[in-house]
Each structure stands twice: as C-alpha cells, then as structure tokens.
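Below is one structure, written out as structure tokens; comments come after it.
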Amino acid sequence: MAVLDSIPHPIMIVRREGLAPEDPTPGATYSVGQSCGGGVVKYQGTGTFMTDTGLNPGRQYQYGFYTVNNGYYSAGSLANAQTQIAQQQPRGTIFVF
C-alpha cells in the first residue's frame, strides 16, 4: 500500500473506512490491530513498505500516517484508496485462447 522513507522514528499507519482517522491520543501507545482514532492500526515500524489486507470491495479507505516518539505523534498526513468491485464472468461463457 505505502512506500515509506526510512526515518529515525517509527511510523504508525491507521486505516479507517470512509472517514479520515482522528489523531492518536498523546501519551497513549498502540499496537498493530488495535483501535485508534476510529480506525485500526495497520502498521507500526521503520520499514519502507506495507501491504494492507482484509479490505472490502467497493469501499473507500482513509489512511493516517504518523511518526511516533515515545507515545507522542506528529500531525498526521492523510491518503485515501478506493477498492474495486470484481467483475464476475457470465455463466456458460467459454474462453478459447
């Protein structure tokens, strides 16, 4: 989902369906999978890549990106993504290649 620049502080990514996530609570610590700002923490670390799974088709997701420093968070940067609805092939159709 996201390519991140390597920086000295960990990054936390929060995903929320529909609306932008609210900022994390200062002084609180979060783990991947935990609720945060109306969404769910999907990543926390210093890596450069994240893959997001468990998305529903045809939905819009908002992501908040925060740097983490001992339970305190930077102002978030936001991004959004729209998932696609898979098209089904009509029954009885034969494809010849």
Cβ-based net charge around GLY54, under 15 Å, with every Lys or Arg adding one and every Asp or Glu removing one:
+2
Count charges around ASN80 for me, please; just the other residues with Cβ under 13 Å from its Cβ, Lys/Arg as +1, Asp/Glu as -1.
+1
Give the distance, in whole Å, between the Cα centre of region 8-40 and the Cα centre of region 59-77.
6
Here the FRET efficiency for THR83 versus VAL32, based on Cβ atoms and R0 = 22 Å and rounded to 0.05, is 0.60
What is the Cα radius of gyration of region 2-82 over 2.2 N^0.38 Å, N being its residue count?
1.01
For the charge dipole of region 2-82, defined by +1 on Lys and Arg C-beta atoms and -1 on Asp and Glu C-beta atoms about the Cα centroid, which residue among GLN34, GLY47, ILE13 has the Cα displaced farthest towards the positive pole?
GLN34
Magnitude of the Cβ-charge dipole (Lys and Arg +1, Asp and Glu -1) of region 2-82 about the Cα centre, nearest 20 debye, reported as 140
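Read-outs: derived from the displayed coordinates by stated rules, not from any lab. Quick caveat, the model's predicted, so the values are computed rather than measured. All Cβ positions, even for glycine, are placed from backbone atoms using ideal geometry, and neighbour counts span all protein chains on display.
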